[in-house]
1. Could you put E251, E344 in order, starting from the residue whose Cβ has the fewest other Cβ atoms within 10 Å?
2. Are any of the pairs K9/K33; K48/K123; K2/K48; K48/K240; K9/K240; K123/K240 more than 25 Å apart by Cα-Cα distance, and if so, which?
3. Take the alpha carbon atoms of the stretch 266-390, find their radius of gyration, then divide it by 2.2 N^0.38 Å using N residues; give the quotient.
4. What dipole magnitude, in Debye to the nearest 20, does the stretch 260-390 give about its Cα centre under +1 on Lys/Arg Cβ and -1 on Asp/Glu Cβ?
5. Estimate the FRET efficiency between T248 and H312 by the formula 1/(1 + (r/R0)^6), using the beta-carbon distance for r and 35 Å for R0, to the nearest 0.05.
6. Per DSSP H run of at least 4 residues, take -39500 (n - 2.57); add these up for the chain, divide by its residues and hand me the 222 nm value, nearest 500 deg cm²/dmol.
7. What is the magnitude of the charge dipole of the stretch 1-43 about its Cα centre, with +1 placed on the Cβ of each Lys and Arg, -1 on the Cβ of each Asp and Glu, and no other charges, expressed in debye to the nearest 20?
8. What residue among T220, T323, T248 has the largest mean-square fluctuation in a Gaussian network model of the chain, using Cα springs under 10 Å?
Amino acid sequence: AKQAYVRTKPHLNIGTMGHVDHGKTTLTAAITKVLAERGGSAFTPFDKIDRAPEEIERGITINIAHVEYETATRHYAHVDMPGHADFVKNMITGAAQLDGAILVISALDGVMPQTSEHVLLAKQIGVRHIVVALNKADAADAELLELVELEVRDLLSANGYDGAEVPVIPVSGLRALDGDPHWSAQALALLDAVDEYIPVPVRYTDAPFLMPVENVLTITGRGTVVTGAVERGMVRMGDKVTVLGFDTTLESVVTGVETFGRTMESAEAGDNVALLLRGVQRGQVRRGQVVAAVGSIAVHRAFTARVHLLSHAQGGRRTPITTGYRPQFYLRTGDVVGDVVLPEGRAMPGDTVDMTVTLGSPVPLEPGLGFAVREGGRTVAAGTVLTVDD
Ligand code: GDP
Ligand code: MG
């Protein structure tokens, strides 16, 4: 029988972000290593994180690698994105629901384009707390470390974070992974900063259950399993749920709840879980749908939203958008094309405007829901749903 997950500490979702090759995956592996030595983790080596093994074994697209670990006071699920495109697509669209992030910046390179873009997008989708890992500190002198620290504090302040207050910890993922005592201690100091600086968020456990579907797998002999992070409410074995979105509405019963391979009595907002759904075929469910308490949420095609169009300097468009614009809307874990109507007929990069959107297919929507707008593989805007119709 499977082990049960015993909830003894608050659970938080965090992740690494930052420019390619600044050491996110190395640091993720190092964190699991230093904590494994204290009994708070299983060591996950670099190539296991970076290869996203599920992708190979199950033939499905997984573009987020999750690792799990515990400090003295918290239980964490930590996501490491294989690449920049995955970062934008998964994390920024809210799939990872980060309570906080570790911004990894190489002391040898300083702030690079993806460093800035990740910070900007993290702010826009509501990642409230960032801790900085000033990585490759083994290879940088004190002057360089100081310079890059100033640079990253400025970047954070410019994006609405408290750049002066944010903890900046010099680390060396590589040397901690090698077992070097000084750099292992620094990796632990980084985790102390995460424990102290990133607060346990308010969880909406009283609300009706809702979980956006991140992935769908088949477990031979048991049925269809959906995975994701619980957005709100609680779920337990035997609960009736609806799967909805993209012209699908089906009812099912949850017949198993697991987290990181262990069974759970009940899962709650913030938990990363796998739900076994009775009588559901693999082909009936997909990423972008939600699993929710029956009757608690409806799908809509039309909505109004307040949208910030990224300026060209923020990675957005150079040219205005006009009524009839048809970008891709990233809502929770899914994306769907939408037709835009603008009150004045056009809007410029850098503007914040209210717009009406009609989606190509109906998805679960409600006022307050955040989303990203992308075209041609880049993020051009971020917005919030104001009202829903029909
Ligand atoms: P990612 O793209 O941000 O996930 O970066 P990786 O973890 O794949 O690391 C990119 C490269 O930087 C690899 O060659 C690592 O060995 C190297 N690297 C990572 N961390 C450190 C470090 O702390 N010090 C040094 N000197 N090199 C590092
Ligand atoms: Mg990586």
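Bear in mind that the values in this text are calculations on the coordinates, not laboratory data. Bear in mind that the values here come from a model prediction, so they are computed numbers and not experimental data. FYI the Cβ positions are ideal-geometry reconstructions off the backbone, even for glycines, and counts take in every protein chain you see.
1. The fewest-first ordering by Cβ neighbours comes to E344, E251.
2. In this structure, K48/K123; K48/K240; K9/K240; K123/K240 exceed 25 Å between Cα atoms.
3. 1.18
4. Its charge dipole is roughly 560 debye.
5. 0.35
6. My calculation for the chain gives -6000 deg cm²/dmol from helical runs alone.
7. Computed charge dipole of the stretch 1-43: roughly 240 debye.
8. Comparing T220, T323, T248 in a Gaussian network model of the chain, the most mobile one is T220.
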